[in-house]
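Report on the structure given below.
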Amino acid sequence: MAKKNSNYLSGREIRKIAKENNKVMKQLEAYKHRKCDESEYLTTMSNPGNILEIENLNTYFFTEQGVVKAVNGVSLDIPKNATVGIVGESGCGKSVTSMSVMRLLQGPTGQIYSGEIRFNAKESDGTEKVYDIAKMPIRDIHKIRGNQIAMIFQEPMTSLNPVFTIGQQLDEVTFINKKDATKEDAKAKSMEMLNLVGIAAPERVYAAFPHELSGGMRQRVMIAMALAADPRLIIADEPTTALDVTIQAQILDLLRDLKDKIDGSIMLITHDLGIIAEMADYVVVMYAGKVIEKGTAKEIFHNPMHPYTIGLQKSKPTLKSDSDMLFNIPGNVPNPVNMPNYCYFKERCDRCIDKCSGDYPCMIQVSPTHFVSCHLYEEDQNNG
Amino acid sequence: MAEEKVIENFDPEVILEVKNLRKSFPLKKTLTGKVTQELIAVDDVSFQLKAGETLGIVGESGCGKTTLGRAILKLHQPTGGRIIFEGKDITDYNSKQMREIRKKMQIIFQDPYSSLPPRDTVGGILSEPVEVHKIVPKEKVKDYVLDLMDKCGLRDYYYERYPHEFSGGQRQRICIARALSVNPKLVICDEPVSALDVSIQAQIINLLKKLQQDMGLTYVFISHDLSVVKYISDKIGVMYLGSMVEFGTKEDIFSNPLHPYTQALFSAIPHPDPDVKMNRIILKGDIPSPANPPKGCRFHTRCPHAKDICKEVAPEYKDYGNGHCAACHLLD
Amino acid sequence: MDELKNKEEVVEEVKDTEVPLDKNVRLMSPTRMVVRRFFRSKLSILGLIMCISLFVFSFLGPLFYTEWGEIELDESGKTEYSISETTYEVNGVEYTLRQTTEKSLKDNFLAPPSSEHILGTDNEGYDIFVRLMYGGRISLIVSFIAVFLITILGVLLGGIAGFFGGVIDNVIMRLCDILICLPGIPILLIISTILDASNIDAKYRIYLLMIYLTFISWPGTARLVRGQILSLREQEYMVAAEAMGYSTPRKIFKHLVPNVMPQLIVSMSLSLGSMILYEATLSYLNLGVKAPYAAWGTMINIISTNQDILQNHLNVWVPAGVCIVIAVLGFNFVGDGLRDALDPKARR
């Protein structure tokens, strides 16, 4: 049945892909597991006001059907004490970006191919050090993972270990980060965290097992765990997607509240524009592995420029609008294998111009903080 | 076939009537089979639906909306109450009688990945129901299916392909085409867009609306998202812990939500505008377990306006004018 | 105005447009995916080679190597010399008389490997190499039949139990429990005695015994199928099939059973190995194939009667043992490889 279907790869092509992949994967795996001196991955920030700078990051998945460029030349900055929202549809590479920062990609297929992820880490003695996470060997990653950067996952149901109590799991975070912590210290810290995330009966939750808690409670515990290490950056990957609307409202309220209380930045990944609008100071819109527009929340929501951003906002059903039919973007989200070199959104765009068949549009600065990658605005820039 | 009960004085415009529908699942049984603890998934739900209309059912997880949808199709045998479809009481139909009714009522599921059989081509999936129910003569099946695929926005060369080759949106179109292949009158849409991306959601909602106009379908559209329901529904029912807390036309529900839960649901939806700072009603606590619902009004544990009476007496489900029903003590 | 324009666009664009971007993406067909995953493991390739070579050896071998038949004795004769010594004492001097007797025997038994007999002959004078081939035929055919029957019974009963549930499920599963409790070998011994008493032809008794084996082995497959069906019928496409109003046989055989096939194939290839072992055990215990017919187990059984062969004539019994090991390992490797290849969740 395979021979008739033109949608399938032939045996020869598959072997060719596998051969090429294996070569690259071996190299990258060796690089990941190498032993090296710290000086090799120390670097400096281009802007000291940022906590994280991602520059031209390429993260590829070497699958059997070809190289999936899940993150394809992404650049973004996260300033200190700010919330940056990354928004996009499934497969746009928003989660893979966060996984790259945490170095949680599943090897050997998932690899950071090139690019820099500069992270401003605070050592225990209070000095700041800038690491290039992309170059760090995997054995040194414990320096930042968990204590400097913490992550909140989408699935509160499966992110907690079912055989340990909440207390044990929370205490562990403290033990890992403070080598000399006593049991009492750890418990005190855990209770403080549970109080911080608005859990009404912390003693009861401390002694409970994950299955005894509801989804919303578990997500609060996950947030408490992320906060327990006093991280400089919290990555929240779709923190409310698995929750009910009324519980989502609670968690969003909590996160907004925490934003002011903690000394750190939040990288919020979601597909929901509403959540971004409520939470984020800066917004990055991604499509098919590329950043297509970024700016402050006000700029993105009041003056969206890229046709995709505009379409996304229009197609989101809201309670306010009166129209009968929803606006929709035709076509499907592309699978980023064998992408052409013209604009990836061209096929679904309703405002195509001749130039769109040419090279992929570069990032155009339309205001000090607002960037867009679309040919429509190139003229404006040249004139102005 | 068993003797059909024809309901007298039945409004011919009403395609579906649900009367005091109840569905419970046994949780614990004694050795003799006596149920000692049960989960009441749907408790005393009633509504009428006219042909060509769309009823939106909104609620959070565990509110029984999915069970209600499946009980209407008799995929779960209801524990109590009546389901009247096209003037016939189908509650006690056996599986053979139901097989005839099946082609008039269909269902679209939430997850487009698990609801398509993985080892069959799109053509096979779509022609099977047509052949089984003998919708068209055998030699015309392929043309019929291709025509249907065209209506649902599927290209004809998808006929030979397998479901795993498609994205979520395309799979959902296949599911819709499969449901429509038997020319149903009533389609239960069980969260058909929740698993899809925003831009694809809009496509599917528009497709469903267009098909409704073309084929004169009646929908029961189940969703947890009020803003989605708004675009497709004529009437909306809000469910909480198994019972209907508010029911009315779209206009009534949106302009004048009566029940505090409906009001909270409205305010919980994040608005995509950073300048709009809504006065959000944040409900305290979690949704209670449906296996052990609170006494009195089920919502009283989370209700911001709960009074003493709410903890003791369950409120009556009453019509507050023009078919806008709600169950709340505050309204008396 | 804007809304109106949108509305028109919407109606136009309802059709899902296949964009050229999608055309760039080509997938791997499911068959090819399975084949690739299977061949990625060196062990499964080895297993496949082992199985195929055994099949070729057993089924095609006798067609090309026709020098000897399965029950053809080498009657070329053999001269056996025996030396006897007698000691006499005459006048205090010992004399030893060595006497060599030459005995001509009809059969050429226990011949060493030579160009005439590749692996020599056994204690009766049968050609070992040829008997290995015929023994392989019996072992493979018998295990295939047994596995086939086990699968049919297992799918049927497991499928019914899983699909209908309730009382039927309870009855079938308790029957399984009872059968699993039965001690296999003692009952085999009893049955074998009965078969002996009723003068069943030696050629067929092994089939009868394998039918008994089938009877006690199907519960494993039935449990597997039942478990699979229980989880599959909760899948939404099965609810969809119910909502479509399909008949019960259609639901079971068109929608459920094909989805159990992967697990079934794996369990079949694994039980082929164990059936070969069972057959060998039976033959070794002299319950299965009886002389003069060949089976690998019977060929090893020779050592139990003659200690000399165990020590000095390795060529008589080691090849049969090697064949059994190859067959069992081969089927297990293939089974493991298939399990990894057919499980969609296992990435690598």
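The numbers here are math on the coordinates, done by the rules we state, and not lab data. Please read these numbers as outputs of a predicted model, since none were measured by experiment. Quick reminder, even Gly has a Cβ in these numbers, built from the backbone with ideal geometry, and neighbours come from all protein chains shown.
See the values below:
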| read-out | value |
| --- | --- |
| FRET E, pair B:D143, A:M157, Förster distance 30 Å, beta-carbon r, rounded to 0.05 | 0.05 |
| A:D37-A:D257 FRET efficiency (beta carbon distance; Förster radius 56 Å; 0.05 resolution) | 0.85 |
| The protein assembly as shown, Cα convex hull volume normalised per residue, Å³ | 279 Å³ |
| Charge dipole (the protein assembly as shown, unit charges on Cβ, about Cα centre) - positive-most of B:Y219, A:N81, B:G80 | B:G80 |
| Sequence-distant residues sharing a close amide H with B:A195 (under 5 Å, placed H) | none |
| Range of Cα positions in the range C:211-287 per principal axis (Å), largest first | 57, 19, 15 |
| Two-site label geometry, C:I190 and A:E13: point separation in nm, points 7 Å out along Cα→Cβ | 6.3 nm |
| Two-decimal Rg/Rh across the range C:201-348, once Rg and the Kirkwood Rh are taken from alpha-carbon atoms | 1.16 |
| Tally of Lys pairs whose C-alpha atoms are under 26 Å apart, taken over the range A:44-152, 8 or more apart or cross-chain | 14 |
| Partner chain coverage, peptide C:231-239 - average Cβ within 10 angstrom | 5 |
| Mean Cβ neighbour count within 10 Å, used as a protection proxy, ranking C:210-222, A:200-212 highest first | C:210-222, A:200-212 |
| Share antiparallel - DSSP beta bridges, chain B, percent rounded to 5 | 60 percent |
| P(r) of chain A over all Cα-Cα pairs, binned every 20 Å from zero, in whole percent | 25, 55, 19, 0 |
| Extent along principal axes [Cα atoms of chain B; Å; largest to smallest] | 68, 59, 44 |
| 11 Å cut-off, amide nitrogen to a point 7 angstrom out along B:N322 Cα→Cβ, residues in the range B:240-271 | B:249-256 |
| Using a Förster distance of 51 Å, the FRET efficiency for C:T281-C:V93 (Cβ separation, nearest 0.05) | 0.30 |
| Stretchable slack from A:M363 to A:D180, in nm (0.36 nm times residue separation minus alpha-carbon distance) | 61.0 nm |
| Relative exposure of A:H302, B:H164, judged by other C-beta atoms within 10 Å (fewest first) | A:H302, B:H164 |
| For the range A:97-159 versus the range B:74-135, the gap between their alpha-carbon centres in whole angstrom | 50 Å |
| Alpha carbon convex hull of the range B:158-279, volume per residue in cubic angstrom | 140 Å³ |
| Cα centroid separation, the range C:223-287 to the range A:249-274 (Å) | 49 Å |
| Among B:P288, B:V228, B:A264 - extreme Cα towards positive end, dipole of the range B:216-308, charges at beta-carbon | B:P288 |
| Which of B:L31, B:L148 has the fewest Cβ neighbours within 10 Å, and the rest in rising order | B:L31, B:L148 |
| Alpha carbon Rg of the range C:245-306, scaled by the compact-globule rule 2.2 N^0.38 Å | 1.89 |
| Selection from A:H211, A:H142, A:L268, by position along the positive dipole direction of the range A:133-274 (Cβ) | A:H142 |
| Gyration tensor (alpha-carbon) shape descriptor, the range B:248-332, a/c threshold 1.5 | oblate |
| Peptide B:100-106, shielding by other chains (average Cβ, 10 Å cutoff) | 2 |
| Solitary cysteines of chain B, where the nearest other Cys Cβ is not under 4.7 Å | B:C63, B:C152, B:C175, B:C189, B:C303, B:C325, B:C328 |
| Nearest-ten-degree value, helix A:245-261 long axis tilted from longest Cα axis of chain A | 70 degrees |
| Under 13 Å from the Cα of A:K187 - aspartates and glutamates, other chains or at least 8 residues apart | A:D171, A:E172, A:E203 |
| The protein assembly as shown: calculated mean residue ellipticity at 222 nm from DSSP helix runs of at least 4, using -39500 (n - 2.57) | -13000 deg cm²/dmol |
| Overall Cα dimensions of the range B:81-226, principal axis frame, Å, largest first | 44, 41, 29 |
| Estimated dipole of the protein assembly as shown in Debye, rounded to 20 [Cβ of Lys and Arg +1, of Asp and Glu -1, Cα centre] | 560 debye |
| Sequence of C:T248, C:T100 once ranked by neighbouring C-beta atoms within 10 Å, starting from the fewest | C:T100, C:T248 |
| Cα-projected label distance for B:K284 with A:K355, points at 7 Å along beta-carbon direction, nm | 5.8 nm |
| Rounded to 5, the percent of DSSP beta bridges in chain A classed as antiparallel | 65 percent |
| Protection proxy ranking of C:321-334, A:172-185, A:30-43 - average other beta-carbon atoms within 10 Å, highest first | C:321-334, A:172-185, A:30-43 |
| Euclidean distance of C-alpha centroids, the range B:259-292 and the range C:30-72, integer Å | 66 Å |
| Only Lys, Arg (+1) and Asp, Glu (-1) charged, at Cβ; chain B dipole about Cα centre in debye | 780 debye |
| Packing-based order for B:188-194, B:41-47, B:246-252, using average beta carbon neighbours within 10 Å, highest first | B:188-194, B:41-47, B:246-252 |
| Per-residue average of Cβ from other chains inside 10 Å of B:186-196 | 1 |
| Relative contact order [Cα under 8 Å, 6+ residues apart], the range B:130-254, whole percent | 18 percent |
| The range A:221-272: relative contact order in percent, alpha carbon pairs under 8 Å with at least 6 residues between | 53 percent |
